[in-house]
Amino acid sequence: MTKEPTAAIYSTEQVKRARVAVATVFAVHGAVTGSFATRVPWIQDHAGVNAGQLGLALAFPAIGASITMPLAGRISHRFGARTALRGLLALWTLALILPALAPNLLTLCAVLFVYGATAGMSDVAMNALGVEVENRLDKSIMSGLHGMWSVGALIGSAAGTVAAHIGADARLHHTLAALVLTALGLLACRGVLDLRSEPDEEPPPRFTLPPRSALIIGAVGFCAVFAEGASLDWSAVYLRDILGSSDGVAAASTTAFALTMAVARLAGDRIVDRFGAVRTVRAGGVLATTGGLLVVFSPAPAAAMCGFGLLGLGVAVVVPLAFAAAGRSGPNPSQAIAGVATITYTSGLIAPSAIGSLAEATSLVVSFGVVTVLAFGLVLGAGVLRAGDRKVTGSAVGGAPAKSPSGS
């Protein structure tokens with residue numbers, strides 16, 4: 001098959017179709033995560049591990065992702081963006097089968113490392129292509145793409161909840177889900193942009209430290225993901241233990257937070273197009289800080305739930321904009337995106353345990369005081385996302401095309 005050169009110019013209709021294709025890829029990626037999360041209790045019982053051992057095992061997806069994400073750029077450079085995404089996404093969807101097969105702690109840690117590695121590499125590949133489509137359309141789409149990821153996660157969670165409710169074996173459930181999602185993913189990948197590096201371009205290194213720009217942008221993403229992870233994992237506990245709400249109300253707060261995040265991301269692109277990345281994140285930081293203060297000083301569950309809702313609204317679009325800014329911050333988009341992704345994955349990994357440790361040493365109220373301080377960090381650090389504010393350049397449809405996102 002003849003390789004399509006990087007210099008190919010896509011029509012407006014082709015790029016619009018590519019946007020739909022990438023959005024579908026994001027939804028498929030999210031559905032895998034949602035499918036897995038709902039069956040963790042079954043996996044724990046099957047592997048015969050206690051809560052502490054499960055916590056150890058659940059650290060391995062983030063470890064696997066952090067170690068292997070830099071490889072995504074090299075794979076895209078070698079095979080082209082479309083082929084790389086097709087392969088990496090298929091590995092990720094099929095990896096859903098593995099955790100339910102693990103009979104003990106050692107194998108569970110090993111398969112979750114593979115699960116995380118495939119998740120991280122496909123994450124970098126799809127975000128790089130998302131940034132490229134956004135460049136060519138010359139309007140914000142990254143928030144909506146991440147919103148589609150949230151929609152996929154909700155769909156996967158809903159299906160998993162039904163499977164758990166009827167007592168379905170997770171091995172069967174995850175095998176069927178993996179096959180369906182693999183087929184959908186491969187079909188969607190047919191429509192993404194087939195970008196390739198120039199023949200004389202040097203491939204990106206297999207492993208490298210993130211560029212300085214990615215570290216700075218990643219710090220903003222770190223604040224947002226920390227607040228997100230803390231709220232998702234601890235909001236229900238906060239309402240129950242600190243404010244004395246019922247288990248039902250406490251659980252509803254977590255669901256409401258997740259829905260708020262999804263809706264905000266789906267609607268976020270219009271706001272970003274109107275006000276720009278910096279002002280959007282700065283305003284989001286104000287909302288999140290206000291929400292954090294409301295949680296900390298809340299006298300009743302209803303007020304705290306409003307606070308968690310404001311936290312969700314405030315941080316919802318930060319990570320998509322961080323990926324977009326990273327993709328425009330230098331000559332190696334995939335390398336920069338991998339760097340930001342590594343930092344945000346790390347934040348998501350440490351947030352729940354950090355909140356718990358701080359709460360044990362002091363109180364859960366103090367823990368969310370720290371979350372509030374980090375939320376205010378979005379107000380102070382929003383300026384580093386200025387690269388996320390698009391400028392009309394040759395990457396728009398019909399102009400001189402942008403470089404491939406494959407690390408070139």
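The values are calculated or read from the model by the stated rules, or taken from the named source; none is laboratory data. As the structure is a computational prediction, the values presented were derived from the model and not from experiment. We place every Cβ from the backbone using ideal geometry, glycine too, and count neighbours over all the protein chains shown. Side chains are part of the model used for accessible areas, which takes the heavy atoms of the whole protein and leaves out ligands, DNA and RNA. Shrake-Rupley method; radii C 1.70, N 1.55, O 1.52, S 1.80 Å.
Axis of helix 142-165 versus longest Cα principal axis of the chain: the two differ by about 50°, to the nearest ten degrees. Listed options for mean projected area of the Cα convex hull in nm² are (1) 18.7; (2) 28.1; (3) 20.0. The value calculated from this structure is the one marked (1).
Expressed as a whole percent, the accessible surface of region 332-379 that belongs to carbon and sulfur atoms is 72, based on a 1.4 Å probe. If you split all Cα-Cα distances of region 93-194 into 10 Å bins from zero, what percentages do you get per bin, shortest first? That works out to 13, 37, 33, 14, 3, in percent per bin. In the chain, Cα pairs under 8 Å separated by at least six residues give a relative contact order of 27 percent. Full extension of the chain segment joining ARG279 with ALA219 gains 19.9 nm, where the gain is 0.36 nm per residue of separation less the Cα-Cα distance. Summing charges over neighbours of MET261, with a neighbour being any other residue whose Cβ is under 14 Å away from its Cβ, gives -1 when K and R count +1 and D and E count -1.
Around ALA18, with a cut-off of 10 angstrom between Cβ atoms, what is the net charge of the other residues, counting Lys and Arg +1 and Asp and Glu -1?
+2
With 0.36 nm allotted per residue and the present C-alpha distance subtracted, the THR362-ARG78 stretch has 97.1 nm of extension available. About its Cα centre, the dipole of region 57-161 is roughly 240 debye, where the only charges are +1 on Lys and Arg Cβ and -1 on Asp and Glu Cβ. Atom-type composition of the exposed protein surface of region 1-117 places 67 percent of the accessible area on carbon and sulfur (1.4 angstrom probe). Remark: accessible surface ordering of ASP194, ASP273, ASP241 (largest first) is ASP241, ASP273, ASP194, probe radius 1.4 Å. So, in Å, what gap is there between the alpha-carbon centers of region 28-91 and region 208-271? The distance from the Cα centre of region 28-91 to that of region 208-271 comes to 20 Å.
For GLY144, what charge total do you get from the other residues with a beta carbon under 12 Å from its beta carbon, if Lys and Arg give +1 and Asp and Glu give -1? Kindly include the intermediate steps, with their values, before the conclusion.
Numbers: positive: ARG19, LYS139, ARG265, ARG270; negative: GLU134, ASP269, ASP273.
After counting each charged neighbour, the total is +1.
Full extension of the chain between ILE166 and LEU380 gives 72.2 nm of extra length, using 0.36 nm per residue less the Cα-Cα distance.
Every Cα-Cα pair in region 51-152 was counted, and those over 23 Å apart are 34% of them. Annotation: GLU228 carries an accessible surface of approximately 40 Å², with a 1.4 Å probe and no ligand, DNA or RNA atoms counted. Candidates SER157, ASN127, THR38 compared by Cα position along the dipole of the chain: farthest toward the positive end lies ASN127, with charges placed on Cβ. Rolling a 1.4 Å probe over the protein heavy atoms gives the chain an accessible area of 41 Å² per residue. Computed over the chain with a Gaussian network model linking Cα atoms closer than 10 Å, the most mobile of GLY309, GLY356, GLY156 is GLY356.
Please report, as a whole percent, how much of the solvent-accessible surface of region 260-300 comes from carbon and sulfur atoms (probe radius 1.4 Å). For region 260-300, the apolar C and S fraction of the accessible surface comes to 67 percent.
Got a sec? Which residues in region 290-310 would a label at VAL373 touch, if it sits 7 Å along Cα→Cβ and we count backbone N under 19 Å? Correct set: 290-298.
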